Amino acid sequence: MSWYNNDWKFRKKITIDTSMLSSGIGGNTITIKLTGEYDILNYANSDLSDIRITNISGQVKPHSIDYSDENGNLIIRTTF
């Protein structure tokens with residue numbers, strides 16, 4: 001699996017079950033909900049500007065962070 005930037009030491013793999021998508025992969029907006037157990041706030045910039053969403057090939061996908069709190073809970077939207 002490729003990775004966006006080998007200098008970035010912290011990452012979390014999230015697997016998307018494409019059978020759950022209405023039209024398979026491509027053109028779907030996906031909401032990713034992460035809880036504090038992912039420990040992202042201990043690694044990310046305080047403004048979360050260094051969070052990246054990539055596909056399996058390491059290609060960066062556009063995303064928006066729709067919610068975050070001090071407990072590390074995040075809601076991120078991206079399109080695949």
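The values are calculated or read from the model by the stated rules, or taken from the named source; none is laboratory data. Note that the structure is predicted; figures quoted are calculated from it, not measured. Here Cβ is always computed from backbone atoms with ideal geometry, including for glycine, and neighbour counts include all displayed protein chains.
For the stretch 17-27, does any single residue satisfy the condition of being surrounded by 12 or more Cβ atoms within 10 Å (Cβ to Cβ), part of a loop (DSSP other than H, G, I, E, B) and of a type outside the set (A, V, I, L, M, F, W, C)?
Our first condition is that a residue be surrounded by 12 or more Cβ atoms within 10 Å (Cβ to Cβ); within the stretch 17-27, this holds for 18, 21.
Narrowing the set further to residues that are part of a loop (DSSP other than H, G, I, E, B) leaves 21.
Checking the rest, the ones that are also of a type outside the set (A, V, I, L, M, F, W, C) come to none.
No.
Would you mind stating whether residue 46 is without any contact (Cβ under 8 Å) to a residue 24 or more places away in the chain, surrounded by fewer than 10 Cβ atoms within 10 Å (Cβ to Cβ) and not in a loop (DSSP other than H, G, I, E, B)? Give the steps one after another, and end with the answer.
Details: without any contact (Cβ under 8 Å) to a residue 24 or more places away in the chain: yes; surrounded by fewer than 10 Cβ atoms within 10 Å (Cβ to Cβ): yes; not in a loop (DSSP other than H, G, I, E, B): no.
Criteria not met by residue 46.
Considering (1) modelled with pLDDT of 85 or more; (2) farther than 17 Å from residue 67 by Cβ, say which one residue 51 fails and leave the rest.
Result: residue 51 fails condition (2) only.
Pick from 51, 40, 76, 65: which is in contact (Cβ under 8 Å) with a residue 40 or more places away in the chain and aliphatic (A, V, I, L, M)?
On the way: 51 fails: in contact (Cβ under 8 Å) with a residue 40 or more places away in the chain; 40 fails: in contact (Cβ under 8 Å) with a residue 40 or more places away in the chain; 65 fails: in contact (Cβ under 8 Å) with a residue 40 or more places away in the chain.
Among 51, 40, 76, 65, only 76 is in contact (Cβ under 8 Å) with a residue 40 or more places away in the chain and aliphatic (A, V, I, L, M).
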